[in-house]
Amino acid sequence: MKPARSALQRDGAPDSRVDGRATPASIPLGYGAAAPGECLDHVVVVNETSLRRHVACYLDYYHGSRSHLSLGKDSPDGRAVQPPDLGRIVAVPKVGGLHHRYERRAA
């Protein structure tokens, strides 16, 4: 038995396994199959509230930070160009640190 599964059972969580290829029905459609592969494969979903929080956080990243080739490597919400005189580049964690957005910040 894997350590995470035994720890969950020790805490009284039910042993419910889901096929890894299954897409949860409650994930909103309209942004392709990005969330199951880029987000949900790397987080532990405890309940529906947890799933909704992870998906909402990912959609915020997807629309505000993630580059899209079809949009000329911009995000759907758009991003301002940051010239070098704004400061050094810093990593801003997104989706609980799973992804990062890089911005210029004054020192």
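Specify the residue that is nearest to the chain's Cα centre (by Cα); the eligible residues are those in segment 37-77 that are surrounded by 15 or more Cβ atoms within 10 Å (Cβ to Cβ) and of a type in the set (Gly, Ala, Ser).
Taking the candidates together, the pick is Ser65.
Take the residues of segment 78-107 that are part of a loop (DSSP other than H, G, I, E, B), without any contact (Cβ under 8 Å) to a residue 24 or more places away in the chain and surrounded by 11 or more Cβ atoms within 10 Å (Cβ to Cβ): which is nearest to the chain's Cα centre (by Cα)?
By that ranking, first place goes to Arg79.
Take the residues of segment 34-54 that are assigned to a helix (DSSP H, G or I) and at pLDDT 85 or above: which is farthest from Val95 (Cα to Cα)?
Glu48
I want to confirm something. Restricting to segment 39-53 and keeping residues that are in contact (Cβ under 8 Å) with a residue 24 or more places away in the chain and of a type outside the set (A, V, I, L, M, F, W, C), which single residue is farthest from Ala106 (Cα to Cα)?
Selected residue: Arg52.
The values are calculated or read from the model by the stated rules, or taken from the named source; none is laboratory data. Not measured: the values here are computed from a predicted model. As a convention, Cβ positions derive from the backbone with ideal geometry for all residues, glycine included, and neighbour counts pool all protein chains shown.
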